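Only the coordinates and a few stated rules stand behind these numbers; no lab work does. Bear in mind the structure is a predicted one, so any value in this text is a computation, not a measurement. Using ideal geometry, Cβ is built from the backbone for each residue, glycine included, and neighbour counts are taken over all protein chains shown.
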Amino acid sequence: MTFINKIRFTLLICAGFFGASGLIHAQNYDIQQVGTITSPALEEISGIAPSLQYDNRLWGINDSGNSPSLYSIGVDGILDETWTVEGVVNDDWEEIGWVHRKGESFLFIADVGDNASTRSFVRIHLIRSTDLISNGSLKVTPAYSFAFQYSDGPRDCEAVSYDPVEDRFLFISKQSKPPVLYELPLHPIKSRVLRKATRVTDVTGFPKPAEGDNLIKSKLIDKAYQSTAMDFSPIQDRAALLTYGPLLIYKKSPSMDWPTAFQMKPTEIPLPIMRQVESVCFSKDGKSIYITSEKVPAPIFRVDLK
């Protein structure tokens, strides 16, 4: 059993999700396995996003040590197309999602992985959705790429999404306790100046697992509650924040901003045991959430929302 599997096994079996303080438990969400990824090309899938052009299809990426490729995958897990992203490298691609602004849509790739918190800067690439229609070559070049630093030093961060109201990227750190929310304005989109992602607030609504008397169990619980991926719903009323343990759903009213929403207590959705679960996205219609993990065969689960 891998270390991550031990985490998930401990979460599911040993303590019934541990009664994390103030958390809303949601045991009745409809979670179904809809597919299985078996292609060796997707051994380390680290991010997924819905296809805008096609129903029942996802875009996927691998993390560090892999080629700069985009993968078109059916929700059944079947690999359909492999695209080469030209002019960039894959230092550690950890997140993918959509930016909708000023009448254009861009698929973003966040090259932000930094397990040791040592990278002097990280990058985001933006690809026009209109460039992702099969043209025979299966090659694409980002419309924009930019580098940035965190204002308080390097950070390990794998949870990234775009806030269209404020025209900014939001990041939630992985290893800090509590997690920290950072923002990075996208405007001006054409600027190539090294940008700064600034600290907004601690994510005080993030679960604080109850401490147990078993030291090993406590360490596993602590590792399980690390954010590994994030996506905002199409109408910006929910955030899906993935951890090595449960899926967390934060709800936001129209009058609320995301920093305020992340101070609220999330709904916790227990997930089936997976290996290294690091990919989450809302469906194109926002009615469901898709989740998958690294290491093939990797199941694809769909969480139907109430």
**Q.** Residue within region 145-153 that is surrounded by 22 or more Cβ atoms within 10 Å (Cβ to Cβ) and either farther than 22 Å from residue 36 by Cβ or among the aromatic types (Phe, Trp, Tyr) (or both) present
**A.** yes
Looking at region 78-87, is at least one residue surrounded by fewer than 17 Cβ atoms within 10 Å (Cβ to Cβ), under 23 Å from residue 301 (Cβ atoms), touching a strand residue (DSSP E or B) at 6+ places or on another chain (Cβ under 9 Å) and among the β-branched types (Val, Ile, Thr)?
yes
When region 165-202 is checked residue by residue, the ones that are out of contact with any helix residue (DSSP H, G or I) (no Cβ under 6 Å at 6 or more places or on another chain), surrounded by fewer than 17 Cβ atoms within 10 Å (Cβ to Cβ) and touching a residue at least 60 places away in the same chain (Cβ under 8 Å) are 165, 166, 167, 189, 194
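Let's see how each residue does on (1) over 18 Å from the mean Cα position of the chain (by Cα); (2) in a loop (DSSP other than H, G, I, E, B); (3) not hydroxyl-bearing (Ser, Thr, Tyr):
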site	(1), (2), (3)
99	no, no, yes
107	no, no, yes
115	no, yes, yes
131	yes, no, yes
Scanning region 260-306 for residues that are assigned to a strand (DSSP E or B) and aromatic (Phe, Trp, Tyr) gives 282, 290, 301
So, first residue free of Cβ contacts under 8 Å to residues at least 40 places away in the same chain in region 271-295, second residue part of a loop (DSSP other than H, G, I, E, B), Cβ within less than 7 Å, six or more apart or across chains; the pairs are 287/305; 288/305
